Amino acid sequence: MLYPLAETTECDFKRELETKKPKSWLKSVSAFANGIGGKLIFGVDDSGEIVGIIDAQKSAEAISNLIKTRITPTPQFILTLEKEQEKSVLILTIEAGRATPYYYKADGIREAYVRIGNESIVAPDYILNELILKGKNQSFDALTSDVKKEEYSFTLLEATYYERTLLKMEPKDYFSFCLADKKGYLTNAGRLFADQYIVYNSRVFCTRWNGLEKGSAFDDALDDKEFEGNLIYLLRSASDFIKNNSKVRFYKDVEYRVDKPDYAERAVTEALVNALIHRDYIVLGSEVHINMYDDRLEISSPGGMFDGKAVQEHTIADIGSMRRNPVIADLFHRMKFMERRGSGLKKIISETEKLPGYNESLKPIFYSDGSSFRVILKNVNYGTTKVSDKVSDKVSDKLNEKEKCFFNVLMTLAKQHDFVTTKVVAEATGMPEATTRRYLAKFSKMDIIVSDGKNRSKKYYLKNTSMTEANP
């Protein structure tokens with residue numbers, strides 16, 4: 001058998017069996033059962049060197065008895081004996097449990113453990129609460145609250161539902177969609193879709209930083225917003241914030257204009273939806289964070305992968321549909337904010353790959369640990385800005401659509417000529433020469449181009465550079 005080179009989330013080495021201090025390894029049994037399962041390998045030291053177990057049969061019996069007496073409920077496990085380099089090695093395989101949480105209990109102590117990296121730690125309260133719900137086959141969003149539906153309004157939810165499905169949301173749908181029970185009490189999902197702000201953790205904090213790293217929100221933030229309340233409102237507000245702090249550059253192809261957005265709009269939507277529907281709402285004082293930098297967009301949400309395994313240890317294409325908040329996810333799916341379940345991360349990648357200028361180095365990054373999940377989208381235009389981009393950004397807000405198209409043609413001509421004349425530009429745009437002169441005069445006044453000569457012989461250049469440098 002080949003052993004891992006080091007201890008991992010799913011594997012723990014033990015040089016020998018501690019029977020007098022069994023907590024040293026039983027906490028890992030609890031953690032594996034509360035997570036995705038794992039292996040304890042006895043007879044291997046921390047470096048992965050095989051040292052062997054003396055009296056393997058006696059050790060195997062002790063392991064089995066200690067698990068049954070000190071872990072509750074008893075997890076499913078398999079104990080096997082293997083020979084390596086003529087030395088005995090015991091392999092204890094713990095299955096991921098369904099009756100979570102699995103506690104270690106002894107000497108008046110009752111603790112549940114979880115795996116963080118290569119360590120087994122006592123489960124924080126919010127993780128313990130989630131394990132309790134998981135063991136009862138319940139989810140936070142489906143739990144009924146003590147809040148009556150009649151005390152709140154749902155205007156945004158009902159309007160959005162109609163807008164996206166062309167179906168009117170009926171009173172009975174609140175029960176069918178698990179937003180309220182038959183007595184009219186809202187579930188936590190129902191509270192999250194109310195117009196009023198009644199779930200404190202339902203928040204999104206957005207910051208556009210100046211540069212590539214975080215700094216002081218007062219000195220280094222170009223834009224800073226906080227949103228709270230209804231999940232649909234959060235999705236739209238966060239989308240608008242990202243859109244307002246992103247740019248759509250463009251260049252003129254032979255026959256048409258090609259837009260070059262910093263980020264794929266659909267990829268951004270999928271990442272935001274993923275953050276809102278899969279986040280852990282049990283974590284007190286938590287929120288989704290959106291941090292924008294010159295070169296990237298980061299969306300972070302509370303709670304790691306629901307199956308307990310870090311996303312970077314998964315193959316993205318093979319990730320199935322495991323939903324921390326199935327009620328919220330189902331309603332977002334009904335309203336077509338997300339596609340089929342389990343496809344979100346793949347969609348983020350595929351939509352980003354469609355962007356002009358994309359290459360493998362710009363592939364989205366996903367990272368998670370026991371307490372958070374993060375999506376990193378890279379700005380495909382970062383580091384590629386040329387003279388025409390700088391000029392178009394500068395003037396874009398001051399031009400109407402016809403003037404923007406004219407300007408694009410001007411930039412295309414810059415690749416082909418040392419300079420341009422009114423006649424050359426007029427022929428390329430199909431505009432009368434009088435109109436062309438008027439447009440060129442406007443760009444001159446805006447300090448974008450300079451001219452040399454008079455009347456029909458006048459030549460135009462980009463200011464401070466020859467037009468051949470202005471490659472769109």
Collect the residues in the stretch 189-233 that are surrounded by fewer than 20 Cβ atoms within 10 Å (Cβ to Cβ), of a type in the set (Lys, Arg) and either without any contact (Cβ under 8 Å) to a residue 60 or more places away in the chain or not in a loop (DSSP other than H, G, I, E, B) (or both), keeping them in residue-number order. Arg203, Lys225
Being closer than 16 Å to Pro302 by Cβ and in contact with a Lys or Arg (Cβ under 8 Å, 6 or more places away or on another chain) is the filter here, so list the residues in the stretch 361-376 that pass it. Phe366, Tyr367, Ser368, Gly370, Phe373
Looking at (1) open to solvent by 30 Å² or more (accessible area, probe 1.4 Å); (2) assigned to a helix (DSSP H, G or I); (3) touching a helix residue (DSSP H, G or I) at 6+ places or on another chain (Cβ under 7 Å); (4) not acidic (Asp, Glu), find the lone condition where Ala159 falls short. (3)
State whether the residues of the stretch 256-270 include one that is surrounded by fewer than 20 Cβ atoms within 10 Å (Cβ to Cβ) and assigned to a loop (DSSP other than H, G, I, E, B). yes
Inter-residue pairs, beta-carbon under 9 Å, first over 15 Å from Tyr439 (Cα atoms) and among the small types (Gly, Ala, Ser) and in the stretch 391-415, second part of a helix (DSSP H, G or I) and at pLDDT below 60, 6+ apart: Ala414/Val387; Ala414/Ser388; Ala414/Met467; Ala414/Thr468; Ala414/Glu469
Picking from Glu61, Glu95, Glu82, which residue would you name as being open to solvent by less than 70 Å² (accessible area, probe 1.4 Å) and of a type in the set (Asp, Glu)? Glu82
Could you say whether any residue in the stretch 12-31 is among the hydroxyl-bearing types (Ser, Thr, Tyr), within 19 Å of Ile121 (Cα to Cα), open to solvent by 30 Å² or more (accessible area, probe 1.4 Å) and without any contact (Cβ under 8 Å) to a residue 60 or more places away in the chain? yes
Matching residues, the stretch 288-306, being open to solvent by less than 30 Å² (accessible area, probe 1.4 Å) and in a loop (DSSP other than H, G, I, E, B): Tyr293, Gly303, Gly304
Sort out which residues of the stretch 162-188 are part of a loop (DSSP other than H, G, I, E, B), of a type in the set (A, V, I, L, M) and open to solvent by less than 30 Å² (accessible area, probe 1.4 Å), and write them in order of number. Met169, Leu179
Look at Glu351 and say whether it is surrounded by 14 or more Cβ atoms within 10 Å (Cβ to Cβ) and assigned to a loop (DSSP other than H, G, I, E, B). no
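The values are calculated or read from the model by the stated rules, or taken from the named source; none is laboratory data. What you are looking at is a predicted structure, and each value in this text was computed from that prediction instead of being measured. Neighbour counts are summed over all protein chains in view; Cβ atoms, including those assigned to glycine, are modelled from backbone coordinates with ideal geometry. Remember, those area values only see protein heavy atoms, side chains included, never the ligands or the DNA or RNA. Shrake-Rupley method; radii C 1.70, N 1.55, O 1.52, S 1.80 Å.
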